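**Student:** After the structure tokens below, expect a handful of questions from me.
The values are calculated or read from the model by the stated rules, or taken from the named source; none is laboratory data. This structure is a prediction, so every number in the text was calculated from the model and none was measured. Because the Cβ atoms are built from the backbone with ideal geometry, glycine has one as well, and the counts that use them run over all protein chains shown.
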Amino acid sequence: MKCPFCSGVESRVADSRLSRDKETIRRRRQCLDCGRRFTTSERIEGAMPMVVKRDGRREPFNRLKIMNGLRKACEKRPISIDHLERIVNRIEQGIQEAGEREVKSTLIGQKVTDELRSLDGVAYVRFASVYRQFKDINEFMDELTELLGNRTAKGRKGKKKR
């Protein structure tokens, strides 16, 4: 394991723990060259499908791309990294369980959009504005109107008539 501080390749494991999600093992390591400590994360690598991009290119599935998109969408929002990890885990698990050799990037984007829609309206709009590639402000406004309409309708259901 390469040390992030001095690039030394020799380290010893000081502590190992199962993460909260019970999907990864967190290891606390100490570099044998510089003596500094750092944490690594280990997960079983399943057979993930290739992702087919909009332009037809294919690339290996990369959960970090989903996490980066979620982080950007949720920046300065009251959403924990743990919550984002759970979303990425659900999406990854769903893709693995489908058992397909290829998955379209649009399907992954739709899964992220669905998760954000139920989580946080601002994060949803941020992600959708990039992912859906709105052609003009009218398409963007239509999406906002629909989102606000759904929220207003949900709010009315919970209120009692007097």
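**Student:** Kindly check whether there is at least one residue in segment 59-77 that is assigned to a strand (DSSP E or B) and either assigned by TED's automatic domain parsing to the domain that holds Arg132 or out of contact with any Asp or Glu (no Cβ under 8 Å at 6 or more places or on another chain) (or both).
**Tutor:** yes
**Student:** For segment 23-43, does any single residue satisfy the condition of being assigned to a loop (DSSP other than H, G, I, E, B) and in contact with a helix residue (DSSP H, G or I) (Cβ under 8 Å, 6 or more places away or on another chain)?
**Tutor:** Yes, segment 23-43 has at least one match.
**Student:** Cβ contacts < 8 Å: first residue closer than 16 Å to Ile44 by Cβ and of a type in the set (D, E, K, R), restricted to segment 83-105; second residue part of a helix (DSSP H, G or I) and modelled with pLDDT under 95, any location; separation 6+ or different chain. Result?
**Tutor:** From residues that are closer than 16 Å to Ile44 by Cβ and of a type in the set (D, E, K, R), the pairs are Glu92/Arg63.
**Student:** Please verify whether segment 91-107 includes one or more residues that are surrounded by 11 or more Cβ atoms within 10 Å (Cβ to Cβ) and hydroxyl-bearing (Ser, Thr, Tyr).
**Tutor:** The answer is yes, given that some residue of segment 91-107 is surrounded by 11 or more Cβ atoms within 10 Å (Cβ to Cβ) and hydroxyl-bearing (Ser, Thr, Tyr).
**Student:** Report yes if Ile44 is free of Cβ contacts under 8 Å to residues at least 40 places away in the same chain, loosely packed, with under 12 Cβ neighbours inside 10 Å and among the β-branched types (Val, Ile, Thr), otherwise no.
**Tutor:** It is true that Ile44 is free of Cβ contacts under 8 Å to residues at least 40 places away in the same chain, loosely packed, with under 12 Cβ neighbours inside 10 Å and among the β-branched types (Val, Ile, Thr).
**Student:** Would you confirm whether or not segment 69-85 contains a residue that is surrounded by 11 or more Cβ atoms within 10 Å (Cβ to Cβ), of a type in the set (S, T, N, Q) and within 14 Å of the chain's Cα centre (by Cα)?
**Tutor:** No, segment 69-85 contains no residue that is surrounded by 11 or more Cβ atoms within 10 Å (Cβ to Cβ), of a type in the set (S, T, N, Q) and within 14 Å of the chain's Cα centre (by Cα).
**Student:** Given the options Ser80, Ser118, name the one that is farther than 30 Å from Lys2 by Cα, of a type in the set (Ser, Thr, Tyr), without any contact (Cβ under 8 Å) to a residue 12 or more places away in the chain and out of contact with any strand residue (DSSP E or B) (no Cβ under 8 Å at 6 or more places or on another chain).
**Tutor:** None of the other options fit; the residue is Ser118.
**Student:** Which one is farthest from Ile44 (Cα to Cα), of the residues in segment 12-33 that are surrounded by 13 or more Cβ atoms within 10 Å (Cβ to Cβ) and in contact (Cβ under 8 Å) with a residue 24 or more places away in the chain?
**Tutor:** By that ranking, first place goes to Asp33.
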